[in-house]
Amino acid sequence: MVTVPMASSLSYSSINSYRRDGFVFPVHVLTPGEAAAYRKRFEAYEAKQGGWYELSKGQKLYLLQTWVAELASHAKVLDAVEGVLGPNVMVWGSSLFIKDPGEGTYVSWHQDSTYWGLSEPDVVTAWIALSAATVASGCMKMMPGTHKWQQLAHVDTLDDKNLLTRGQEIAVDVNDDDGVLVELQPGHMSLHDVRTVHASDPNRSTDRRIGVAVRYIAPHVRQLQAENDSAWLVRGADTHGNFIHETPPKHDMDAAAVAEHERILKLRQGVLYKGVVGKPAHVDLDIS
Ligand SMILES: O=C(O)CCC(=O)C(=O)O
């Protein structure tokens, strides 16, 4: 039995599931109409930008795009995150996970913690669906209980169909059939622990699969691989001062935000690609 933090919207049984399995879903955070409006804003950004894949796989877009900042600090998202992380919550990162029908992109079995350089597993991802994530469209698959394992060894595949930064894959065999299929309707989200082993298959449906993954940390977490890491305080207080504070943009792509995003992304890429052999084609910044 666990106690539910006062402000959390998650029930006892949802928090128990998260603690037992390392993930919980579906959590209803947006109405279908709100999800459709966010999708429209994403697709307008994409059209203007010439593709979401630019700007390093859409990492930390909450520093450039107000719609991502709104999602990352959305009260309903934070009410649920608080249930598993506690009252003080910082956004450490965000990524877009888009799979277009027929393009064959996928995500290999991995633990998020592998290259993030973070000191503790008090890190949770909110994966917010802006279109239907189904078995056909390649929803995520989670291995229950694997968040209790230690950090596993991974190999970098650098496969360009793999949506992960280094195409990293766990170096142990898992039985695909043991994975729980995390199907989500637009406006629903899942929460998963930074050590939970997960993956996803290619999109074989006729619509795009659009997910916004926001990475939240508790303030006592530290960055072990870099001097100057940064995060955005979205709830409660920064009780430890381990991260430089970020601020979201006033307007989409405002000039100061673009410069700051580039500076911060370069530091972050130094962490995510540390020790990688061969620079992946999608890394658009000089990380040397
Ligand atoms: O979107 C996917 O299929 C995988 C996402 C993922 O690996 C993550 O959010 O940690």
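The values are calculated or read from the model by the stated rules, or taken from the named source; none is laboratory data. All values derive from a computational prediction rather than experimental measurement. All Cβ positions, glycine included, derive from the backbone under ideal geometry; neighbour counts span all protein chains shown.
Summary of values
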quantity: Residue under evaluation Phe42, criteria (1) at pLDDT 95 or above; (2) closer than 21 Å to Thr31 by Cα, criterion not met; calculated: (1)
quantity: Among the residues listed as Asp229, Asp286, Asp201, Asp252, the single one being under 30 Å from Thr105 (Cα atoms), at pLDDT 90 or above and out of contact with any strand residue (DSSP E or B) (no Cβ under 8 Å at 6 or more places or on another chain); calculated: Asp252
quantity: Matching residues, segment 167-183, being within 16 Å of the ligand (Cβ to nearest atom) and among the β-branched types (Val, Ile, Thr); calculated: Ile170, Val174, Val180, Val182
quantity: Long-range neighbours under 6 Å by Cβ, at least six apart or interchain, first residue modelled with pLDDT under 90 within segment 113-131, second outside any strand (DSSP E or B); calculated: Tyr115/Leu272
quantity: Evaluation of Ile98 against (1) of a type outside the set (Phe, Trp, Tyr); (2) closer than 21 Å to Arg208 by Cα; (3) modelled with pLDDT of 95 or more (one fails), failing number; calculated: (3)
quantity: Test for Gly187: is it modelled with pLDDT of 95 or more, away from the ligand (no atom under 11 Å from the Cβ) and touching a Lys or Arg at 6+ places or on another chain (Cβ under 6 Å); calculated: no
quantity: Selection within segment 247-279 - in contact with a Ser or Thr (Cβ under 6 Å, 6 or more places away or on another chain) and among the acidic types (Asp, Glu); calculated: Asp252
quantity: Output for segment 241-266, where each listed residue is under 20 Å from the mean Cα position of the chain (by Cα) and over 20 Å from Ala69 (Cβ atoms); calculated: Lys266
quantity: Residues within segment 172-226 that are in a loop (DSSP other than H, G, I, E, B), touching a residue at least 40 places away in the same chain (Cβ under 8 Å) and over 22 Å from Ala36 (Cβ atoms), tallied; calculated: 16
quantity: Matching residues in segment 193-221 - criterion: being farther than 30 Å from Ser137 by Cα and more than 18 Å from the chain's Cα centre (by Cα); calculated: His220
quantity: Any hit, segment 169-180, residues being touching a Lys or Arg at 6+ places or on another chain (Cβ under 8 Å), surrounded by fewer than 19 Cβ atoms within 10 Å (Cβ to Cβ) and closer than 26 Å to Ile98 by Cβ; calculated: yes
quantity: Only one of Ala44, Ala35 that is over 23 Å from Lys266 (Cα atoms) and surrounded by 17 or more Cβ atoms within 10 Å (Cβ to Cβ); calculated: Ala35
quantity: Subset of segment 227-240 that is in a loop (DSSP other than H, G, I, E, B) and without any contact (Cβ under 8 Å) to a residue 40 or more places away in the chain - its residue that is nearest to the chain's Cα centre (by Cα); calculated: Asn228
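To keep it simple, each residue is scored yes or no on (1) surrounded by fewer than 18 Cβ atoms within 10 Å (Cβ to Cβ); (2) aliphatic (A, V, I, L, M).
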position	(1), (2)
Asp201	no, no
Val212	no, yes
His220	yes, no
Asp229	no, no
Asp238	yes, no
